[in-house]
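Structure record follows, encoded as structure tokens.
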Amino acid sequence: MNWFQELRERRVPQFVISYIVGAFGLVQFFEFLEQRMSLSPHLVNLVGLTLILLLPSIIVLAWSLGRPGRDTLGRTQKVAIPANLLAAAILLLVVFQGKELGAVTRTIEVQDENGQVTERVIPKNEFRKRLVVYYPESTLTESDPWIRETTALLIAGDVSQDVFLDVALPVNMATALRDAGHKDGHGLSGARQRKLAVEVLPLRFHRTRRGKLDPDHRASFG
């Protein structure tokens, strides 16, 4: 009997495929909970990585107990499975230590000038994204800087409706601009924009060209 026939007799492929299908369904369920209940995306990653790390134990169990009839775990299996569980636990602890696995929002109490206290739901800092909207450059606006500023302000006002975004304009980086030799934030080169984005805030920098991401400047990290 060759190795493949042995796997089929022990029904290893059937068990592994069933496990993968069930694991995929479980991850999809947690993704649904993440979207509907504002749960941390780290929780979905935790579930997915856990299921992947436990796959060796599933294979060992299927190999040992998958054959029809009464089977028992041998010494090797009794060592391999706990070792896999221990290694998985250590890796998960290292990867997710200090990460928020609960809700992405928190509730705070705000008191107004009349002394009335209301509750507000705000995003936790870990899940807030920071964005700088620079003044758009165009041959149509070279002689009218106020058009650039108004356009940037309108864009910032629109995207800032997302409570998970902290939006800034060049005016919010006045000190950094003066230190860089720019007084108003107009006419910044792509390299200067990227430098300010990743050093001052820091941010992920994306440059656009004609309303689309510029592939030469996509996903530059600070």
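The values are calculated or read from the model by the stated rules, or taken from the named source; none is laboratory data. Just so it is clear, the model here is predicted, and its values are computed rather than measured. Cβ atoms come from the backbone with ideal geometry, glycine included; neighbour counts cover every protein chain shown.
Computed quantities for the displayed model
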| quantity | calculated |
| --- | --- |
| Close pairs (6 angstrom Cβ cut-off, 6 or more residues apart or separate chains): touching a residue at least 24 places away in the same chain (Cβ under 8 Å) in the range 14-33, among the small types (Gly, Ala, Ser) and assigned to a helix (DSSP H, G or I) anywhere | Phe15/Ala62; Val27/Gly48 |
| Filter pass, Val12 being more than 21 Å from Leu91 (Cα to Cα) and more than 28 Å from the chain's Cα centre (by Cα) | yes |
| One residue from Leu33, Leu55, Leu73, Leu61 being modelled with pLDDT of 90 or more and of a type in the set (A, V, I, L, M, F, W, C) | Leu55 |
| Test: Val171 is out of contact with any Lys or Arg (no Cβ under 9 Å at 6 or more places or on another chain), in a helix (DSSP H, G or I), in the same structural domain as Leu43 (by TED's automatic domain parsing) and farther than 29 Å from Leu39 by Cβ | no |
| Members of the range 16-69 found to be of a type outside the set (Gly, Ala, Ser), under 26 Å from Gly98 (Cβ atoms) and assigned to a loop (DSSP other than H, G, I, E, B), listed by number | Leu54 |
| Top-ranked residue in the range 1-60 [being exposed (fewer than 15 other Cβ atoms within 10 Å of the Cβ) and of a type in the set (Lys, Arg); ranked as farthest from Ile122 (Cα to Cα)] | Arg8 |
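Per-residue answers, yes or no, for (1) within 19 Å of Arg11 (Cα to Cα); (2) among the basic types (Lys, Arg):
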| residue | (1), (2) |
| --- | --- |
| Pro41 | no, no |
| Leu49 | no, no |
| Ser57 | yes, no |
| Arg67 | yes, yes |
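Condition check ((1) surrounded by 13 or more Cβ atoms within 10 Å (Cβ to Cβ); (2) among the hydroxyl-bearing types (Ser, Thr, Tyr); (3) assigned by TED's automatic domain parsing to the domain that holds Leu39) across all residues:
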residue	(1), (2), (3)
Gly74	no, no, yes
Ala89	no, no, yes
Leu92	yes, no, yes
Gly102	no, no, no
Thr107	no, yes, no
Asp112	no, no, no
Gly115	no, no, no
Glu119	no, no, no
Val133	yes, no, no
